[in-house]
Amino acid sequence: MLCAYVCLEKLIAPLEVGDTEQLSPTRTELGSLVRLVNEEMSRRIDAADSATRAMRAALATPEAV
C-alpha cells in the first residue's frame with residue numbers, strides 16, 4: 001500500500017518543479033499501484049456479478065400469490 005501511495009505521489013507532485021529524478025516511480029511502486037487497482041476492480045466485478053445473480057434469481061422465482 002505504501003509503495004502504491006509513493007508511486008501516486010511521484011506521478012502527481014514531484015518534490016521540486018525541475019526535479020525529474022524524483023518524478024520517476026520505480027518498477028516496484030508501479031507494480032504495487034497496478035496490483036491495488038486490479039484488486040479493487042476484481043472486488044467491484046465480484047459485487048456486480050453477485051447483484052446480477054441475485055436479480056436473475058429473483059426474476060426467475062414466481063411470485064407467491
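Bear in mind these aren't lab numbers, they're just calculated from the coordinates by the rules spelled out. In this text the structure is predicted, and so the values were computed from the model without any measurement. Counting neighbours? That spans all protein chains shown, and the Cβs are built from the backbone with ideal geometry, glycine included.
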Grab the other residues whose beta carbon is less than 11 angstrom from that of Leu2, score K and R as +1, D and E as -1, and report the net.
-2
Label-point separation in nm, Ala47 to Thr28, each point 7 Å along Cα→Cβ:
3.1
Net charge near Thr28: determine it from the other residues with C-beta under 13 Å of the C-beta of Thr28, scoring Lys and Arg +1 and Asp and Glu -1.
+2
